[in-house]
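Worksheet: the structure to be examined is printed underneath.
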Amino acid sequence: MKAIILAAGFGTRLYPLTRNIPKALLKLGDKTLLDHLVGKLDRFPIIDEIVIVSSKRFYQNFKRWKKNAFYQKPIRVIHNGVNDPEKRLGAVRDLELALRSSKGTPESFLVFCGDNYFDFPIGYFLLPCLGHSRCTFIGLYDVREKALASQYGVVEMNETGKIIRFDEKPAAPASTKVSVGVYHMSPEARLRLHEYLDIEKRNPDRIGDFFAWLTDREPVFGVVFEGAWFDIGSKESYAKAAKHVCPAPIR
């Protein structure tokens, strides 16, 4: 099983912090956001490779990071050829690029959005994935407030954990459970990317749009995490994540 980390965003809402460094390489405590994630993935024998998708602008940043990263897993960094935010391909195209670069492997894949921080164990998500490798799973978090949920991809599940509805940033959320940018893609779901992008010519920008589309066509299940989760999309969320990782000392 391969793990794909989508880290080709330009983080424009975090400027000037991300003007010369990719969002995934911002520091949280004494480690980068990327190190927090790769450190979790490095513990699992089932994962045989980690593929990081970068923009062309920040490709050398990731290459330098890789040179100084000491993990057991093989790490491969690829770029999407994009230098400017205005010309970005979109997260779904970046995912398709990563899967294309792993051509010939009919296995399932783990997919992570590289701008998220969470402290829940990956193993909790892997258990159902390994037991049902032909199924697609989405990692979820209960934000407990519908006003907050409306900023994310919101899901509604039935009693078996099957996702029966997925809405990207809905004005009236059906629940408070949201996608946290953690996915398990079955081999069948991988084949659906061509249909989504090239046959139906759907929006390639948001990864949540693809999984919302997928839930209408095949069974997709949710796994609800406990713990802390931060979507590092703004200076405010970055500051909250940093405070969580390194809380102020008690005086």
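Details
- Meets criteria (under 30 Å from Lys31 (Cβ atoms), at pLDDT 90 or above, touching a Pro at 6+ places or on another chain (Cβ under 7 Å) and crowded, with 17+ Cβ neighbours inside 10 Å) for Phe137: yes
- Tabulated pairs, segment 225-240, first within 29 Å of Gly161 (Cβ to Cβ), second surrounded by 19 or more Cβ atoms within 10 Å (Cβ to Cβ) and small (Gly, Ala, Ser), C-beta under 8 angstrom, 6+ apart or interchain: Phe225/Gly139; Phe230/Ala241; Asp231/Gly181; Ile232/Ala241
Table: residues versus (1) closer than 27 Å to Tyr124 by Cα; (2) surrounded by fewer than 19 Cβ atoms within 10 Å (Cβ to Cβ); (3) among the aromatic types (Phe, Trp, Tyr); (4) touching a helix residue (DSSP H, G or I) at 6+ places or on another chain (Cβ under 8 Å).
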{"site": "Leu6", "(1), (2), (3), (4)": "yes, no, no, yes"}
{"site": "Leu14", "(1), (2), (3), (4)": "no, no, no, yes"}
{"site": "Lys23", "(1), (2), (3), (4)": "yes, no, no, yes"}
{"site": "Leu26", "(1), (2), (3), (4)": "yes, no, no, yes"}
{"site": "Asp35", "(1), (2), (3), (4)": "yes, no, no, no"}
{"site": "Pro45", "(1), (2), (3), (4)": "yes, yes, no, no"}
{"site": "Ile52", "(1), (2), (3), (4)": "yes, no, no, yes"}
{"site": "Asn61", "(1), (2), (3), (4)": "no, yes, no, yes"}
{"site": "Gln72", "(1), (2), (3), (4)": "yes, yes, no, no"}
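- Candidate set from segment 202-251 (those that are part of a helix (DSSP H, G or I), at pLDDT 90 or above and aromatic (Phe, Trp, Tyr)); member that is farthest from Thr32 (Cα to Cα): Trp213
- Residue count for segment 1-54 under the criterion of being over 15 Å from Gly114 (Cβ atoms) and among the polar types (S, T, N, Q): the result is 2.
- Contact map, segment 181-210: first residue in contact (Cβ under 8 Å) with a residue 60 or more places away in the chain and closer than 20 Å to Phe137 by Cβ, second residue assigned to a helix (DSSP H, G or I) and of a type in the set (Gly, Ala, Ser), Cβ cut-off under 6 Å, separation 6 or more or different chains; pairs are Ile207/Ala91.
- Within segment 47-64, the set of residues being outside any loop (DSSP other than H, G, I, E, B) and within 19 Å of the chain's Cα centre (by Cα) comprises Glu49, Ile50, Val51, Ile52, Val53, Ser54, Tyr59, Phe62.
- Selection within segment 106-148 - among the polar types (S, T, N, Q) and in contact with a strand residue (DSSP E or B) (Cβ under 7 Å, 6 or more places away or on another chain): Ser108, Asn116, Thr136
The values are calculated or read from the model by the stated rules, or taken from the named source; none is laboratory data. In this text, all values refer to a predicted model and were calculated from it rather than measured experimentally. Quick reminder, even Gly has a Cβ in these numbers, built from the backbone with ideal geometry, and neighbours come from all protein chains shown.
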